[in-house]
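Below you'll find the structure, written out as structure tokens, and then a few comments.
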Amino acid sequence: MAKAKKQEKSIEQRLEETLVLYEKTPYELPSSWCWTKLPYITQIKTGKRDANHAKEDGQYRFYTCSAEYSMADTYAFEGESIIVPGNGDIGLVFYYDGKFEAYQRTYVINGFKGQTKYLYYYFYYKWREKNTYKQFGTAIPYVRMANFEEFEIPLAPLEEQKRIVEIIEKQFAKLDEARDLIQKSLDSFADRKSAILHKAVTGELTEKWRVENRVSDEWKTVPFKEFCYLNRGFDLPIQNRVKGKVPLVASNGIIDYVDRANVIGPGVVTGRSGTIGKVFYIKEDYWPLNTALYSKDCCGNNAKYIYYYLSSFNFKQYSSSTAVPTLNRNNFFNVEVKVPSIKEQEEIVRILDSIFEKEDKSKELLDMLDKIDEMKKSILARAFRGQLGTFNPTDEPATDLLRKILEQSN
């Protein structure tokens, strides 16, 4: 007997399937909006290239899992797209309209029949938060296609999407102007701090002190590993972390506080994978993650002096230029370091602490940057709840847009 042909579902049946059940919706939306999931309204693909595909003089952008794009000779994607790194810093999101190439662990979202920037700003607002506890891997966290397939989208009517994007961009432009001014002040301070640190680690800062205290100008020269032995940090999967008061330190600094330490402070931490070049001084006992290197042995030196020295050290020149930058300590462990006596180290620390305590406005400026970020989040929170005054009763409801998308996908 012939097998009966499977009856195709109607558009209305398919529409019903694309909507998130009311009891499972993240929050209440205006009546003309609806909740759906990303795969129903976009195409989701990954790049095909490996990191070595990058060319310095390439014609097209090459998006990897880094915060900055490279260049390539080829392109595989074109048009408005949202680009999301699949490993490393989960939470980075980019928008681009043009021809570009993508790394094999980078996700590309396009084909949206609405306003792509509307979708981009929702990713910018929620992607990191939604995936904080949905990451895989230990050494380098990553996401899977399932993370995208389960990502819920608050879909506004098409015309309202346009108005929302316009308001967001106007308000963000004003905040970005303020951010630029703050960043210029930070850069100016960073330049001055860099110059002072250079004087400190070359002996110029304590030249007068040495004369007054009859201390020799001779500093001993040792390999880096005999000045400070840096070791790889330790894995602590998200599901095993218990809230506490112990700093959990990654390549970009303290990211959380947990209930246990495995390194006695004070100590120094710098990035091993992901973020390279930042240096952190940790006073108390702490837990360094395996994306970081920590001072296992200060070799008899002052930990705070090591922090200041490493803050002037160019780690980036010893890192790889792959999709996820990685620092191999063997590349610099034999670099020669000139080391002052412990007494002079203490004097250098005293002087630098005094200078930076008086002049360091960077914390205040960074707090201002954080406030700008919080203001952006507040704007986005209201935008994706329909609270920016964008409602128009004559707009076709979002379900009509969803219906058209389904009809065109036949």
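At-a-glance table
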{"read-out": "Per-region count, the range 88-146, residues in contact with a Cys (Cβ under 6 Å, 6 or more places away or on another chain) and surrounded by fewer than 18 Cβ atoms within 10 Å (Cβ to Cβ)", "value": "0"}
{"read-out": "Test: Ile164 is assigned to a helix (DSSP H, G or I), modelled with pLDDT of 95 or more and touching a Phe, Trp or Tyr at 6+ places or on another chain (Cβ under 9 Å)", "value": "yes"}
{"read-out": "Residues that are modelled with pLDDT under 95, surrounded by fewer than 21 Cβ atoms within 10 Å (Cβ to Cβ) and in contact with a Phe, Trp or Tyr (Cβ under 7 Å, 6 or more places away or on another chain), drawn from the range 300-327", "value": "Tyr318"}
{"read-out": "Residue identified as over 26 Å from Leu92 (Cβ atoms), assigned by TED's automatic domain parsing to the domain that holds Gly300 and in contact with a strand residue (DSSP E or B) (Cβ under 7 Å, 6 or more places away or on another chain) among Thr206, Thr221", "value": "Thr221"}
{"read-out": "Helices (runs of 4 or more DSSP H) completely within the range 297-410 that count 2 or more residues being under 30 Å from Ser31 (Cβ atoms) and either in the same structural domain as Thr18 (by TED's automatic domain parsing) or in contact with a strand residue (DSSP E or B) (Cβ under 6 Å, 6 or more places away or on another chain) (or both)", "value": "398-408"}
{"read-out": "Options Glu56, Glu28, Glu78, Glu68: the member that is surrounded by fewer than 20 Cβ atoms within 10 Å (Cβ to Cβ), of a type in the set (D, E, K, R) and under 30 Å from Leu289 (Cα atoms)", "value": "Glu68"}
{"read-out": "Verdict on Glu364 being charged (D, E, K, R) and surrounded by 13 or more Cβ atoms within 10 Å (Cβ to Cβ)", "value": "no"}
{"read-out": "Count - residues of the range 82-125 that are among the basic types (Lys, Arg), free of Cβ contacts under 8 Å to residues at least 60 places away in the same chain and under 27 Å from Asn240 (Cβ atoms)", "value": "0"}
{"read-out": "Any chance Glu344 is loosely packed, with under 14 Cβ neighbours inside 10 Å and at negative phi", "value": "no"}
{"read-out": "Every residue from the range 37-75 that is aromatic (Phe, Trp, Tyr) and free of Cβ contacts under 8 Å to residues at least 40 places away in the same chain", "value": "Tyr69, Tyr75"}
{"read-out": "Selection within the range 268-299 - closer than 23 Å to Ser354 by Cα and either surrounded by 23 or more Cβ atoms within 10 Å (Cβ to Cβ) or of a type in the set (S, T, N, Q) (or both)", "value": "Val268, Val269, Phe280, Ile282"}
{"read-out": "Hey, Ile140 of a type in the set (A, V, I, L, M) and in a strand (DSSP E or B) or not", "value": "no"}
{"read-out": "Identity of the residue in the range 191-243, surrounded by fewer than 15 Cβ atoms within 10 Å (Cβ to Cβ), of a type in the set (A, V, I, L, M) and part of a helix (DSSP H, G or I), that ends up modelled with the lowest pLDDT", "value": "Ile238"}
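The values are calculated or read from the model by the stated rules, or taken from the named source; none is laboratory data. Bear in mind the structure is a predicted one, so any value in this text is a computation, not a measurement. Here Cβ is always computed from backbone atoms with ideal geometry, including for glycine, and neighbour counts include all displayed protein chains.
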